[in-house]
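Okay, so here's the structure we're looking at.
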Amino acid sequence: MGLSSIAYDLGSGLNGPMSISHLSSPRQQLAFSAKSCSRACITVRAADGNSGSMRAPPSTVRASKLVTNAVAVKSETASIAATKSGHELLLFEALREGLEEEMERDPRVCVLGEDVGHYGGSYKVTKGLAEKFGDLRVLDTPIAENSFTGMAVGAAMTGLRPIVEGMNMGFLLLAYNQISNNCGMLHYTSGGQFTIPVVIRGPGGVGRQLGAEHSQRLESYFQSVPGLQMVACSTPYNAKGLMKAAIRSENPVILCEHVLLYNLKERIPDEEYVCCLERAELVRPGKDVTILTYSRMRHHVLQAAKSLINKGYDPEIIDIISLKPFDLHTIGNSIKKTHKVLIVEECMRTGGIGASLRASIMDNFWDYLDAPIMCLSSQDVPTPYAGTLEEATVVQPPQIVKAIKQLCG
Amino acid sequence: MVLGRSFEDMCAQMYYRGKMFGFVHLYNGQEAVSTGFVKCLKPEDYVCSTYRDHVHALSKGVPARAVMSELFGKATGICRGQGGSMHMFSKEHGLLGGFAFIGEGIPVATGAAFKTKYEREVLKNDKADAVTVAFFGDGTCNNGQFFECLNMAALWKLPIIFVVENNLWAIGMSHYRATSVPEIWKKGPAFGMPGIHVDGMDVLKVREVALEAVARARRGDGPTLVECETYRFRGHSLADPDELRKPAEKAHYAARDPIIALKKYLLESGLVDETDLRSIDKKIDEIVEDAVEFADASPLPPRSQLLENVFADPKGFGIGPDGKYRCEDPAFTAGTAQV
């Protein structure tokens, strides 16, 4: 049977991530859904359709290929190499592709930020765009985050569609006044007269020994601001799709990228597609436990999933994508099936996305839970420089494995 | 100017009668600046203000009824009652706010000016020449956003005029106690733009400077910084006991009341006579009375308005547990939905 039977549906799912109900065979449905499977463990379960216990002993599990590196590896499956449609690129290129397509489509779309123009962006997301679209459409700003973010708000109010790049999400703390007061609020305080279709994007999260200030996990800081939407991309496919969706949205959107994910490689469709800003992504269907995650932690979860699956567990993995608002439908359907939840996030424990998500789940799905919601967050410490300490700050795959064992027995 | 003065006086009355609430900042004494500048503008031009924005709104053409309703918190207010005294916005009249934190409107104004430049140079619309006027006070001139925007506006030659309404006091903080170099107009040339100092109590002098600054911006020659020496006759807000300012200072500026000064000039030069002025006063009184009546009679915002304008695209409230977008829930339009 081989791996060629694994669903790698490039042509489908173009209007939104991860709906696998269209796949015909049960075997296909049990495989990982397409967009993430190039890096995930591709395990084919016994195809007898009689699922029974999801924790069948290892001998009956036909684990075929164990991909050792969960992050940024070239796809090894024959079917993928054989597939000619689509094109491979890295996540930062996917972001750039989405941005370029939207700039071509609508002349009001413009980018502003530090070093986005001539330098091409610190993470090369805007490389080549200033040469193509001109210095005014890809504006190199002086180092004045609060003011140029406010400038983007004013430009949006009067008809443009600006994208603000924070060289690092942490720098946008300087723009907090404008983000909270103006981006979030002006549509409301003006009684609906002015729209603020800005996109605020930049890399955040813990990198490789970048020091505390460049390694901030700021999702929770912006979470409470009314009037903002917040999404986090985690693969080239959803990076491009979310970038396009965020630009097209009439709402102000914060697009959280991650420093360590920019070189992730994936094959994405040639045809145009846009992801949905409010919908979560079902990465791997399962029956034992619901794992909710986002951004870099998705890849740690997938790495942990390899060993979990080998041990006979069947986790359902959901990348929540939308950090604000939560897609309670996808999340709820999963909880109704598995009755156990583990949240794995890079945010701090206190007041983090996980804390919010836990509250939401308890409010809505209390009756479906068989166990307390577990949440693995990063430590409430400023990210240390030393490598060993930094590693201990964020959630690592062995912790995830341990947590699932604890949760599921 | 008379409209501004009568309107603000009426606001004070209404506030003490419990018709409007919160922080209300009145513009009495500074009318010459607003009239002087805003009356030079075209309807497509933009004005960006601060919390002391009632008169800027009136000058730009927002009907007195809409402003008064907004102050009363009624649904017929210019911002549907959702903004209040400090957040006057009008898309129709190009009023970009209304901001409570000082300095945060200046970048917004800079963005509107940027949009004019973008429209000309990227969208190739030769007729795009909207000018933006940003009003703010002396206290703001020590704030980072002020300097950051002076830099960017001069750097990109944006069509913006930075108008400082220097009334010497930031609540209880004297300008001289807060600023190392009190002459704000000197800071313009430091950033590469002209810095003008004008008597803000004289509407004709303000207008002269304004016409030149607006023409300069419209030509594409870039920004101007204008410092208007002015004074507020009332306290910072209606809650301010105003005990720190010396009576001598207040008397000095009261003698330079812009309205009285203009009246004197008009009468002395024979441009109008007493009856003309009295008929203007009468007309204004009618407008203000009508505004109060209209506001009084207007309905309060219904509960259904609570969630309506949070997002331009209400899908931003997300997908509920039942799989439908929350904004599709009937309770959403009723304003009682759980979001």
> Hey, any idea what Rg/Rh is for the protein assembly as shown, computing Rh the Kirkwood way over Cα pairs?
Replying inline: 1.05
> Cα-Cα pairs above 24 Å in segment A:144-254: how many percent?
Replying inline: 21
> In segment B:82-233, with Lys and Arg counted as +1 and Asp and Glu as -1 at Cβ, which of these residues, B:Gly188, B:Asn143, B:Leu155, has the Cα nearest the positive end of the dipole, that is, farthest along it?
Replying inline: B:Leu155
> When the Cα centres of segment B:18-37 and segment A:363-409 are compared, how far apart do they sit, in Å?
Replying inline: 55
>> Could you report the accessible area of B:Lys283 in Å², rounded to 10, computed with a 1.4 Å probe on the protein chains as they sit in the structure?
In response: 120
> Hey, what do the phi angles of segment A:369-378 turn into as Karplus ³J(HN,Hα) couplings, whole Hz, using 6.51/-1.76/1.60 and θ = phi - 60°, x for Gly and Pro?
Replying inline: 8, 9, 8, x, 6, 9, 9, 9, 10, 7
>> If you average 1/r across every pair of different Cα atoms in segment A:260-317 and take the reciprocal, what Kirkwood value do you get, in Å?
In response: 13.3
> Charges only on Cβ, +1 for Lys and Arg, -1 for Asp and Glu: so what's the dipole of chain B about the Cα centre, in debye to the nearest 20?
Replying inline: 540
>> Let me test this: with uniform point scatterers at the alpha carbons of segment A:228-300, what is the Debye-based log₁₀ I(q)/I(0) at q = 0.15, 0.19 1/Å?
In response: -0.54, -0.85
>> Beyond 20 Å, how much of the Cα-Cα pair distribution for segment A:237-347 remains, as a whole percent?
In response: 44
> Considering every residue in B:87-95, what mean count of other chain Cβ atoms within 10 Å of its Cβ is obtained?
Replying inline: 4
>> Students often check this: by mean Cβ neighbours within 10 Å, which of A:193-203, A:130-140 ranks highest, and how do the rest follow?
In response: A:193-203, A:130-140
> Which of the peptides B:126-134, A:379-387, B:292-300 is most tightly packed, and how do the rest follow, judged by the mean count of other Cβ atoms within 10 Å per residue?
Replying inline: B:126-134, B:292-300, A:379-387
>> Let me confirm one metric for peptide A:192-199, namely the mean number of other chain beta-carbon atoms within 10 Å of its residues' beta-carbons.
In response: 5
>> Am I reading the A/B interface right? What is its buried accessible area, both sides, 1.4 Å probe, to the nearest 100 Å²?
In response: 4300
> Per residue of B:321-330, how many C-beta atoms from partner chains lie within 10 Å of its own C-beta, taken as a mean?
Replying inline: 3
> Once Lys and Arg get +1 and Asp and Glu get -1 on their Cβ, which of B:Val198, B:Ala109, A:Leu160 lies farthest toward the positive end of the dipole of the protein assembly as shown?
Replying inline: A:Leu160
>> Placing one identical point scatterer on every Cα of segment B:224-294 and ignoring solvent, what is log10 I(q)/I(0) from the Debye formula at q = 0.19 Å⁻¹?
In response: -1.02
> Can you work out ³J(HN,Hα) from phi for every residue in segment A:336-342, in order, using Karplus 6.51 cos²θ - 1.76 cosθ + 1.60 and θ = phi - 60°, giving whole Hz and x for Gly and Pro?
Replying inline: 5, 8, 9, 6, 9, 10, 10
> Which value in deg cm²/dmol, rounded to the nearest 500, describes the helix-derived mean residue ellipticity at 222 nm for chain B, given -39,500 (n - 2.57) per DSSP H run of n ≥ 4 and division by the residue count?
Replying inline: -12500 deg cm²/dmol
> Of A:Phe194, A:Ile331, A:Ser180, whose Cα points farthest to the positive end of the dipole of the protein assembly as shown (charges on the beta-carbon: +1 Lys, Arg; -1 Asp, Glu; origin at the Cα centre)?
Replying inline: A:Ile331
> How many angstrom separate the Cα center of segment A:214-243 from the Cα center of segment A:259-310?
Replying inline: 15
>> Using each residue's phi in segment A:226-231, evaluate 6.51 cos²θ - 1.76 cosθ + 1.60 at θ = phi - 60° and report the 3J(HN,Hα) Karplus result to the nearest Hz, with x for Gly and Pro.
In response: x, x, 10, 10, 9, 10
> How big is D, in µm² s⁻¹, for segment B:1-143 by Stokes-Einstein at 4 °C and 1.567 mPa s if Rh is the Kirkwood radius over C-alpha pairs?
Replying inline: 84
> Between A:Glu272 and B:Ala297, what FRET efficiency follows from the Cβ-Cβ distance if R0 is 45 Å, with the result rounded to 0.05?
Replying inline: 0.30
> Cα convex hull of segment B:76-161: how many Å³ per residue?
Replying inline: 98
>> Going by amide H atoms built from the backbone, whose H comes under 5 Å of the H on A:Ile200, apart from near neighbours?
In response: A:Val164, A:Val253, A:Ile254, A:Leu255
> About its Cα centre, what dipole magnitude does segment B:130-206 give when the only charges are +1 on Lys and Arg Cβ and -1 on Asp and Glu Cβ, stated in debye to the nearest 20?
Replying inline: 180
> Amide H to amide H under 5 Å from A:Leu323: which residues, 5+ apart in sequence or cross-chain, H placed 1.01 Å off N in plane?
Replying inline: A:Met230, A:Val231, A:Ala232
>> In Å, what Kirkwood hydrodynamic radius results for chain B from the alpha-carbon pair distances?
In response: 21.2
>> Please report the equivalent ellipsoid semi-axes of segment A:199-262, computed as sqrt(5 x eigenvalue) of the Cα gyration tensor, largest first, in whole Å.
In response: 21, 16, 7
> Taking the Cα centre of the protein assembly as shown as origin and charging only Cβ (+1 Lys, Arg; -1 Asp, Glu), how large is the dipole, in debye to the nearest 20?
Replying inline: 2120
> Between segment B:268-339 and segment B:110-172, what's the alpha-carbon centroid distance in Å?
Replying inline: 28
> Any number yet on Rg/Rh for segment B:112-244, C-alpha, Kirkwood?
Replying inline: 1.02
>> Which positions within segment A:164-188 get 20 Å² or more of their accessible surface covered by the other protein chains, compared to the chain by itself, with a 1.4 angstrom probe?
In response: A:Asn177, A:Gln178, A:Asn181, A:Asn182, A:Leu186, A:His187, A:Tyr188
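The values are calculated or read from the model by the stated rules, or taken from the named source; none is laboratory data. Note that this is a predicted model, so its numbers are computed, not measured. Using ideal geometry, Cβ is built from the backbone for each residue, glycine included, and neighbour counts are taken over all protein chains shown. These area figures cover heavy atoms from the full protein model, side chains too; ligands, DNA and RNA do not enter into them. Shrake-Rupley method; radii C 1.70, N 1.55, O 1.52, S 1.80 Å.
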